[in-house]
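A.B. asks: Pasting in a structure now, in structure tokens, and then I'll have a few things to ask.
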There are 2 protein chains.
Amino acid sequence: MAEKTLYNYRVEPQDVDFTRRATLAALSSVILNTAGNDAFGKGFGVNVLNEENHSWVLARMAFEFDRLPIQYTDYTVATWVSDYGRLLTTRNFTFCDANGVEFGRSATQWVVIDLKSRTAVNLQAMDESYAHAVVNIPPPIELPRKIRQVNPTQTVEHRVVYSDIDFNSHVNTMRYLDMMLDMLPIEQLAHEGFVRLDVHFLHECCYGQTLTVGYEQRDNVAFFEISNEEKVVAVKASIEWK
Amino acid sequence: MAEKTLYNYRVEPQDVDFTRRATLAALSSVILNTAGNDAFGKGFGVNVLNEENHSWVLARMAFEFDRLPIQYTDYTVATWVSDYGRLLTTRNFTFCDANGVEFGRSATQWVVIDLKSRTAVNLQAMDESYAHAVVNIPPPIELPRKIRQVNPTQTVEHRVVYSDIDFNSHVNTMRYLDMMLDMLPIEQLAHEGFVRLDVHFLHECCYGQTLTVGYEQRDNVAFFEISNEEKVVAVKASIEWK
């Protein structure tokens, strides 16, 4: 029976903001790198999928941090795949400090796409290494929440440049988060305590496109919507503080 | 006698661009992280300097890559401090692939500043752990070249946002590189073969400032100048391709 796999990290100086605590973008990067490395090590990484012209694409992500770890904090991320259906698979994460105290958790949902047709591949056709990797432990967090209507009260335009794009020539996840976080009042970003992020990736954005990033604050939740020139919504997200 | 210290890395998916080769910004990040980790491990990291309200500040950097490593390449970075004077110290790097073939090299020059007065500290007053770390091997590359007049033919404005700033509330090095690289024609960024970067950091840029990034191409060299609202030049750089 498969078990959770552990990865050790340290909050490096380049991961922190002016409060000396890890940024949400840096922690997202850790989540995605852990996912990538775990898949790579278990034989179903993008390198293997690429051989059939397939690739992993992140569809939804939710994470919660009870507190954001400060610079030089050592921590351990546990990750496991809890299930997969025809289209979506769920990969989970918990973050524990050096004393074993859990301070964060995440659930991510992924699809496999065919790089030529840009359509989803049936996950049931995955190599049996994937079935063997499933761990019978449910997600440690409420799955990514649906984000309904966003009515932006502020918008900024963002032209997609070279440094925004990844190996697929699409805007990378951290840059989407940066676009959204950069709209928040700086005081909000200095908030200490609980934070939860939910994000849905609906459409890929490419080099040279001009995106519109919309932001609406309702009480202690910020809602975001990123759309392209054709008014197609590419990303929806919310950030909640407590 | 001190020796070079080795650190192992792999080109991760988040380090590459659409050509699947590591970006100059990602390789710069590796250089700076290696510097930070080596200093940390040897007892003169920012954590120790902060106790006296001092910090390391990068003044100049040069690097050359004969070729940019592709995704999932394992490589080893060797680093050593070759010398220090009253104001500047030189830390060097070589990049070798799994066969021990050197494919890149760098020299970085650092000052220690007093965080309150924002002025340079005499390095001769550093703890003797620093003297013990010096390795009697010269830099593997011509030191950062002086960059004289830049006469931009293209400029863009960049407002400094939350995600641009580091723990010091100043624009971080990788974001300066991004601002410059994002101005280049995308074909230039797909260049294979030798590339050399020289960069001088002259003045710190802060949250909320609007910077002007200027770019001039002369033959196979791109020159850049980043200045603030008061027309003070903050960064000068050049990138040469062969």
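The values are calculated or read from the model by the stated rules, or taken from the named source; none is laboratory data. What you are looking at is a predicted structure, and each value in this text was computed from that prediction instead of being measured. No Cβ is skipped: glycine too gets one built from the backbone with ideal geometry, and neighbour counts run over all protein chains shown. In case anyone asks, the SASA skips ligands and DNA or RNA and just uses the protein heavy atoms, side chains included. Shrake-Rupley method; radii C 1.70, N 1.55, O 1.52, S 1.80 Å.
A.B. asks: Please list 3J(HN,Hα) in residue order for the range A:47-55, calculated via the Karplus relation 6.51 cos²θ - 1.76 cosθ + 1.60 where θ = phi - 60°; whole Hz, with x for glycine and proline.
C.D. replies: Each residue of the range A:47-55 in turn: 4, 6, 4, 4, 4, 9, 6, 10, 7 Hz.
A.B. asks: Based on DSSP H runs of at least 4 residues, each adding -39500 (n - 2.57), what is the mean residue ellipticity at 222 nm of chain A after dividing by all its residues, to the nearest 500 deg cm²/dmol?
C.D. replies: -5000 deg cm²/dmol
A.B. asks: Give me the percent of Cα-Cα pairs in the range A:143-242 that sit more than 20 Å apart, rounded to a whole number.
C.D. replies: Of all Cα-Cα pairs in the range A:143-242, 34 percent lie more than 20 Å apart.
A.B. asks: Determine which lysines satisfy two conditions relative to residue B:42: a Cα distance under 19 Å, and not lying fewer than 8 residues away in the same chain.
C.D. replies: B:4
A.B. asks: Considering protein heavy atoms only and a 1.4 Å probe radius, which residues within the range A:53-93 exhibit an accessible-area decrease of no less than 40 Å² in the full assembly relative to the chain by itself?
C.D. replies: At a threshold of 40 Å² (probe 1.4 Å), the residues of the range A:53-93 that become less exposed are A:72.
A.B. asks: How about the range B:148-201: which GluC sites (Glu not before Pro) there lie in a loop by DSSP and see at most 11 other Cβ atoms within 10 Å?
C.D. replies: Passing sites in the range B:148-201 are B:192.
A.B. asks: Using a 1.4 Å probe over the heavy atoms of the protein chains, calculate the carbon and sulfur portion of the accessible area of the protein assembly as shown as a whole percent. Let's see the in-between values first.
C.D. replies: Values: 10470 of 21060 Å².
Percent of accessible area from carbon and sulfur atoms in the protein assembly as shown: 50.
A.B. asks: Here's another thing I want to ask about it. Considering only the label points, 7 Å along Cα→Cβ from Cα, what distances in nm to one decimal separate residue A:191 from the same position in each other copy, shortest first?
C.D. replies: 4.5
A.B. asks: Specify whether the C-alpha gyration tensor of the range B:62-162 places it in the rounded, prolate or oblate class, a ≥ b ≥ c being the square roots of the eigenvalues: rounded for a/c under 1.5, otherwise prolate if a/b is larger than b/c and oblate if not.
C.D. replies: Oblate, since a/c reaches 1.5 and b/c is not below a/b.
A.B. asks: Picking from B:174, B:158, B:140, whose Cα lies most toward the positive end of the charge dipole for the range B:136-196 (charges on Cβ: Lys, Arg +1; Asp, Glu -1)?
C.D. replies: The one lying farthest along the dipole's positive direction is B:140.
A.B. asks: Residue A:88 label points, 7 Å along Cα→Cβ, one per copy: pairwise distances from this copy to the rest in nm, shortest first?
C.D. replies: 5.6
A.B. asks: Tell me the Rg and the Dmax, in Å, that the Cα atoms of the protein assembly as shown produce.
C.D. replies: Cα radius of gyration and Dmax of the protein assembly as shown are 22.6, 65 Å respectively.
A.B. asks: Provide the descending list of Cα extents for the range B:40-84 along its principal axes, expressed in whole angstroms.
C.D. replies: The Cα atoms of the range B:40-84 stretch 41, 22, 18 Å along the principal axes, largest first.
A.B. asks: About its Cα centre, what dipole magnitude does the range A:15-75 give when the only charges are +1 on Lys and Arg Cβ and -1 on Asp and Glu Cβ, stated in debye to the nearest 20?
C.D. replies: Details: 5 positive and 8 negative charges, 33 e Å.
The calculation lands at about 160 debye.
A.B. asks: If we hang a label 7 Å off Cα along the beta carbon direction at residue A:99, how far is it from the matching labels on the other copies, in nm, shortest first?
C.D. replies: Those separations, rounded to one decimal, come out as 5.2 nm.
A.B. asks: If you don't mind, there's one more thing I want to ask. So what's the net charge close to residue B:16: Lys and Arg +1, Asp and Glu -1, counting the other residues with Cβ under 15 Å from its Cβ?
C.D. replies: Net charge in that neighbourhood comes out at -3.
A.B. asks: In the range B:111-199, what trypsin sites (Lys or Arg not before Pro) fall in a loop by DSSP, with at most 10 other Cβ atoms inside 10 Å?
C.D. replies: Of the trypsin sites (Lys or Arg not before Pro), the ones in loops of the range B:111-199 whose Cβ has at most 10 other Cβ atoms within 10 Å are B:116, B:118, B:146, B:148.
A.B. asks: Additional query: For the range A:165-182, what does the Karplus curve 6.51 cos²θ - 1.76 cosθ + 1.60, with θ = phi - 60°, yield as ³J(HN,Hα) per residue in whole Hz, taken in order and with x for Gly and Pro?
C.D. replies: So the Karplus estimates, Gly and Pro as x, are 9, 10, 4, 8, 6, 10, 4, 7, 4, 5, 5, 4, 4, 4, 4, 6, 4, 5 Hz.
A.B. asks: Total Å² of accessible surface buried at the B-A contact, 1.4 Å probe, nearest 100?
C.D. replies: Buried area (both sides, nearest 100 Å²): 3000 Å².
A.B. asks: Here is a further query. Can you give me the long-range amide H partners of residue A:235? Hydrogens built in the peptide plane at 1.01 Å from N, cutoff under 5 Å, separation of 5 or more residues or another chain.
C.D. replies: A:202, A:226
A.B. asks: Within the set of other residues whose C-beta is less than 10 Å from the C-beta of residue B:139, count the net charge using Lys and Arg as +1 and Asp and Glu as -1.
C.D. replies: 0
A.B. asks: What shape does the range A:79-136 take by its C-alpha gyration tensor, where a ≥ b ≥ c are the square roots of the eigenvalues and a/c under 1.5 counts as rounded, a/b above b/c as prolate, and the rest as oblate?
C.D. replies: On the way: a/c = 3.51, a/b = 2.15, b/c = 1.64.
It comes out prolate by the Cα gyration axes.
A.B. asks: With a 1.4 Å probe and every protein chain left in place, work out the accessible area per residue of the protein assembly as shown in Å², rounded to a whole number.
C.D. replies: 44
A.B. asks: How charged is the neighbourhood of residue B:5? Take every other residue with its Cβ under 13 Å from the Cβ of residue B:5, and add Lys/Arg as +1 and Asp/Glu as -1.
C.D. replies: +1
A.B. asks: Sticking with this structure for a sec: Using a 1.4 angstrom probe on protein heavy atoms only, which residues from the range B:21-42 are buried by at least 40 Å² of accessible area when all chains are present rather than their own chain alone?
C.D. replies: Residues passing the criterion (a loss of at least 40 Å², heavy atoms only) are B:33, B:37, B:40.
A.B. asks: What are the ³J(HN,Hα) couplings of the range B:209-222, residue after residue, when phi is run through the Karplus curve with 6.51, -1.76, 1.60 and θ = phi - 60°? Round to Hz, x for glycine and proline.
C.D. replies: Working through the residues one at a time gives 5, 9, 9, 10, 9, x, 9, 9, 9, 10, 6, 9, 10, 9 Hz.
A.B. asks: Here is a further query. Which parts of the range B:151-188, residue by residue, lose 50 Å² or more of accessible area when the rest of the protein chains are there, as against the chain isolated (1.4 Å probe)?
C.D. replies: B:162, B:167, B:182, B:186
A.B. asks: With N set to the number of residues, divide the alpha-carbon radius of gyration of chain B by 2.2 N^0.38 Å and report two decimals.
C.D. replies: Details: Rg = 17.7 Å, N = 242, 2.2 N^0.38 = 17.7 Å.
Taking the Cα Rg and dividing by 2.2 N^0.38 Å, one obtains 1.00.
A.B. asks: Aspartates and glutamates within cross-link reach of residue A:231: Cα-Cα under 19 Å, excluding same-chain residues under 8 positions apart?
C.D. replies: Correct list for residue A:231: A:157, A:204, A:216.
A.B. asks: So, one more: Scan around residue A:194 for amide H atoms under 5 Å from its own, H built in the peptide plane at 1.01 Å from N, and keep only partners 5 or more places away or cross-chain.
C.D. replies: A:242
A.B. asks: Starting from the Cα coordinates of the range A:1-115, work out the convex hull volume and express it per residue in Å³.
C.D. replies: Convex hull of Cα atoms, per residue: 114 Å³.
A.B. asks: Right, something else. Write down the radius of gyration of the range A:115-196 and its Dmax, each obtained from C-alpha positions, in Å.
C.D. replies: When restricted to Cα atoms, the range A:115-196 yields Rg and Dmax of 18.5, 48 Å.
A.B. asks: Continuing with the same structure: Please enumerate, by chain and number, the lysines with C-alpha under 17 Å from the C-alpha of residue A:236, excluding those fewer than 8 residues away in the same chain.
C.D. replies: A:146
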